[in-house]
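K.L.:
My structure is below; once you've seen it, I'll send some questions.
The values are calculated or read from the model by the stated rules, or taken from the named source; none is laboratory data. Small disclaimer: the values here were computed from a predicted structure and weren't measured. With ideal geometry, Cβ positions are generated from the backbone for all residues, glycine too; neighbour counts draw on all protein chains shown. Side chains included, ligands, DNA and RNA excluded: accessible areas come from the protein's heavy atoms. Shrake-Rupley method; radii C 1.70, N 1.55, O 1.52, S 1.80 Å.
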Amino acid sequence: MRFSKKYLFYFIASCVFTSANVFAETQCRLDTKQGIGALGRIEPRSRVIKVSHNAGPEGARVAQLLFQEADSVQAGEKLAVLSDHVKRKAEVQAAGTRIKVLEAQRAVEQVALTFNKKEHLRHQSLDPGAVSISLVDEKRLAYEQSLADLKRLSAEITRAQAEQKIAEAELDNTLITAPITGTVVKIFARQGERIGDNGLLQIAPIKLIFWRNNFSCAIKTCHTDRAV
């Protein structure tokens with residue numbers, strides 16, 4: 001079949017105009033029998049996010065998986081619970097209990113300090129002949145002991161509070177949350193399985209995707225992407 005130069009010009013112009021207005025990867029080929037065909041795939045606009053854990057080199061085992069593939073998730077939403085969650089939670093509770101016990105002891109010691117201070121000052125103010133030197137020394141030592149005990153309890157409370165913060169951080173590490181809003185596209189570790197090098201799962205912002213396709217028509221080749 002032969003084409004006039006005028007017809008060929010209009011055909012090329014039509015093909016170029018079409019490829020410039022649709023953002024697609026196209027390959028144009030003249031085919032009067034088959035027409036124009038297209039094959040393509042959907043891809044996330046941004047990179048896929050791999051979600052893993054922060055459990056250290058020993059790894060972690062999944063106790064509970066809260067989402068499945070193709071589920072939508074919100075940023076910050078809990079994805080999975082690791083196997084040592086119960087243990088870490090108990091450690092946080094134990095640290096909190098220890099702090100309460102120490103604070104109660106400090107409250108008692110504060111009362112004792114107030115009393116011993118009054119006794120110490122009272123005996124110091126008495127006439128030396130009215131009270132023995134040993135009793136005065138005893139009241140002074142009781143006051144000094146209360147001061148030392150109060151400082152010791154305050155230091156223990158500060159240390160226990162620091163230990164509680166560490167326990168809370170370790171508890172947080174037993175929960176895996178979504179870093180972005182998107183869709184679960186692939187799961188690598190399910191309930192009862194240990195999380196490997198691939199991480200727990202992959203999330204992608206599927207609302208922002210590309211449609212990549214191939215159009216065939218035999219005169220011009222062009223390569224672009226079309227957002228959908």
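K.L.:
What ranking of Lys165, Lys139 comes out by heavy-atom accessible area, probe 1.4 Å, highest first?
P.N.:
Sorted by accessible area, descending: Lys165, Lys139.
K.L.:
While we're here: Just to be sure I understand the model, the point goes 7 Å from the Cα along the line to the Cβ. What's the resulting Gln93 to Ala155 distance in nm?
P.N.:
3.2
K.L.:
Once phi is turned into θ = phi - 60°, what whole-Hz ³J(HN,Hα) does the Karplus curve with 6.51, -1.76 and 1.60 give for every residue of region 64-72, x standing for Gly and Pro?
P.N.:
Once θ is set to phi - 60°, the couplings for region 64-72 become 8, 9, 9, 9, 10, 4, 6, 6, 8 Hz.
K.L.:
OK, next. Please list the non-local residues whose amide H lies under 5 Å from the amide H of Thr177, H modeled 1.01 Å from N, same-chain partners needing a gap of 5 or more.
P.N.:
Correct list: Leu79.
K.L.:
Here is a follow-up. Region 59-104 to region 144-166: how many Å between their Cα centroids?
P.N.:
Between the Cα centres of region 59-104 and region 144-166 lies a distance of 28 Å.
K.L.:
Express in nm, to one decimal, how much length is gained between Ile166 and Gln105 on full extension, taking 0.36 nm for each residue of separation and deducting their alpha carbon distance.
P.N.:
19.6 nm
K.L.:
Now, a different point. Skipping prolines and chain starts, which residues have an amide H placed within reach, meaning under 5 Å, of the one on Ala60, given they are 5 or more residues away or on another chain?
P.N.:
Ile195
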